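Bear in mind that the values in this text are calculations on the coordinates, not laboratory data. All of these numbers come straight from a predicted model, not from anything done at the bench. Here Cβ is always computed from backbone atoms with ideal geometry, including for glycine, and neighbour counts include all displayed protein chains.
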Amino acid sequence: MIQRTISPVDGRVYVERELADAQRIEAALERAERAAPGWRATAIEKRIEILSRAVDLFVARREKIAEEITWQMGRPIRHSPLEVGGFEERARHMLEIAPSALSDVAVGEKPGFQRFIRREPLGLVFVMAPWNYPYLTAVNTIWPALVAGNPVLLKHSSQTPLCAERLQEVLDEAGLPEGVFQHLHLGHEAALGIIRSGRAKLVAFTGSVGGGRAVQRAAGEAFIATNLELGGKDPAYVRADADIAFAVENLVDGACFNAGQSCCGIERIYVDEKVYEAFVEGYVATASAYVLDDPTRPGTTLGPMVRPAAADFARGQVQAAVQAGARALIDTARFERDRPGSAYMAPQCLVDVTHGMRVMKEESFAPIVGIMKVRSDEEAITLMNDSDFGLTASVWTRDLEAAKRIGERIETGTLFMNRCDYLDPALAWTGVKDSGRGVSLSRLAYEHLTRPKSFHLRLANG
C-alpha cells in the first residue's frame, strides 16, 4: 500500500512511500532483538559519543531539514529552522545528564552488605511521533531511550515521513550499530499490531486523545508500559499587575505560532477586568498584523494548517460560538487565503465567550483563542481548571509569590509565569487528565526508560 503526503502549501503530493508489510515488520523486530544485547553492553561513554555525533550531523543539515518541514506540514520557512535548534538543545541536555541520571542508586551503608539499585534498559522502545513538531516530539524519547541502552523503532506521522528518514540517516552515519535505531512507514493497524505483540517494552505516543486510548488498549493486552502525550486546551491568566504589552506579544505568539498547532499552545485566556479592554485591544491589533501566505515565502508569519479539514473544524468552532453569542473581533476578510475548504486560516479572537461553547472546551489546534473577563484569582483558577486537559498553564504577573500560589492550585503538568508554549529539557514534560501520562525530558524521563534492579549482596564475612 502506498502512503501519500499531501503538502498543505499547495495541495500536491509531496512524498510517496510504501507502507511496511508483515514481513518487513518482522525483520525489523528481529534486527532490534539481535542488536539489543550488544547495545546494552556498550559503555555509556561510547553511546554518548555516537549520539552526540549524530546531533552534529543533524544540525549540519539545518537548511534541508527546515525546507522539508515547511513543505510537509506548512510551517513558515522563517520559523522551521527553530526546530533544529530545539532538537539540539533537548538532545544535548539529555546526553549531558545521562551519566548521572543512569548511575547506580546508593541506598546507604549497612555492615556486612553491599546494596544498590541499578537502572537497566527496558528493551525495545516503540516511538509514534506526530507531524506538528516532527523532530522535537521525536527527540524527547529517541535520544534518551538510546543513551539508556534501549533499541528504538520509530513510526512517524504519514504527514512527515521524511523526518524519520533523516533521523535514520544521521544515526547510521554517526556509527550507531545496525538494528539499534530503525524506522518503518506504518499504517495505524500495523502499529497497533506491534504494540499488541509485546515485543516492544515501552510505547511513547504523541497525538490525539482517541489515538492515545487506542494505544493504551493495545498496550494493556500486552502488559507493556506507555508514555502518552495527548494534547491540551492550555489556559493563560493575565493579572491586573501584568506587563500588558509583554503579555499581548507573547500570548499572540503562543496562540498563533505553528498556526496554533501545538499541544501546549494558548487556546483560552482569562484577563482581569481592570486590564481587560487594553489587553483585548492589543491582542486584536497584534494578531491582525500577521501575514497569512505561502509558507515558503520569507515574509510569511502564518502558514496553512496541516489540512483543509483541520481548518474547517476550527472555523466551525468559531461559527458555533458566534451563533451562541460570542463576538469575533478580527476581520478575516483582509486575509485573502482564508476561505472555507482552504488549509489557510486567519487568526481569530473571540470575546463574550462562555464555557458552554465548544471553542472553550474542545481542543482547537488552530490560531484562534477565546478571551474571558475575570474579577479575581479565585475565578480565574476555577475557569482554568474547568477542562478535561491539563498540559500547561501560564500566569502573567509581576508577583512571583502570587504565581506560585496560583500554580499550586492549577491542575496542570507545567505552570509558567510570564512565558508559554515552551519546553525546558531540564524540567519534566508531563500532563494530567486527558493530556496524558508518563514523563519525557529531565532526569525523571530516565526512570521511565529503564527498570530498577536491586542488588542485595551479603559479604562472606558479614
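Along the axis of the charge dipole computed for the chain (Cβ charges of +1 for Lys and Arg, -1 for Asp and Glu, origin at the Cα centre), the listed residues VAL351, LEU423, LEU329 are led at the positive end by LEU423.
Could you tell me which trypsin sites (Lys or Arg not before Pro) in the stretch 266-325 are loop residues by DSSP with no more than 16 other beta carbons within 10 angstrom of their beta carbon? All intermediate terms of the calculation are to be shown ahead of the outcome.
Values: sites: ARG268, LYS274, ARG315; in loops: LYS274.
When the trypsin sites (Lys or Arg not before Pro) of the stretch 266-325 are filtered for loop state and at most 16 Cβ neighbours within 10 Å, LYS274 remain.
Since only VAL252, THR296, ALA393 are under comparison, the one whose Cα sits farthest along the positive direction of the charge dipole of the stretch 234-417, derived from C-beta charges on Lys, Arg, Asp and Glu, is THR296. Fewest neighbouring Cβ atoms within 10 Å first, the residues SER394, SER100, SER435, SER364 line up as SER100, SER364, SER435, SER394.
Please rank CYS264, CYS349, fewest neighbouring Cβ atoms within 10 Å first, as an exposure proxy.
On the way: CYS264 25, CYS349 22.
Final ranking by Cβ density, sparse to dense: CYS349, CYS264.
Rounded to the nearest 500, the 222 nm mean residue ellipticity of the chain from helices alone is -12500 deg cm²/dmol, with -39,500 (n - 2.57) taken per DSSP H run of at least 4 residues.
Treat the count of other C-beta atoms within 10 Å as a stand-in for reagent exposure and order THR392, THR414 from fewest to most. Please list the in-between numbers first.
On the way: THR392 29, THR414 22.
Listing THR392, THR414 from fewest to most nearby Cβ atoms yields THR414, THR392.
Charging the Cβ of each Asp and Glu at -1 and of each Lys and Arg at +1, and nothing else, the dipole of the chain about its Cα centre rounds to 1340 debye. If R0 is 25 Å, the Cβ-Cβ spacing of GLU401 and GLU277 corresponds to a FRET efficiency of close to 0.40. Here's how it looks for PHE113: its modeled amide H is under 5 Å from those of LEU459, which are all 5 or more places away or on a different chain. In a reduced charge model with +1 at each Lys and Arg Cβ and -1 at each Asp and Glu Cβ, the stretch 295-410 shows a dipole moment near 400 debye about its Cα centre.
Would you mind calculating the relative contact order of the chain from Cα pairs under 8 angstrom and at least 6 residues apart, reporting the percent as a whole number? Write down the numbers at each step before the final one.
Details: 1010 pairs, mean separation 87.5, N = 462.
RCO, the chain: 19 percent.
Using Cβ point charges alone (K and R +1, D and E -1), the dipole size of the stretch 87-243 about the Cα centre works out to roughly 680 debye. Once the Cα atoms are used to define both axes, helix 276-288 deviates from the longest principal axis of the chain by about 80 degrees. Ranking LEU171, PRO81, VAL318 by how far each Cα lies toward the positive end of the dipole of the chain (charges on Cβ) leaves LEU171 at the top. Compared with the dominant Cα axis of the chain, that is its longest principal axis, helix 81-101 is turned about 40°.
Once the Cα atoms are used to define both axes, helix 62-73 deviates from the longest principal axis of the chain by about 60 degrees.
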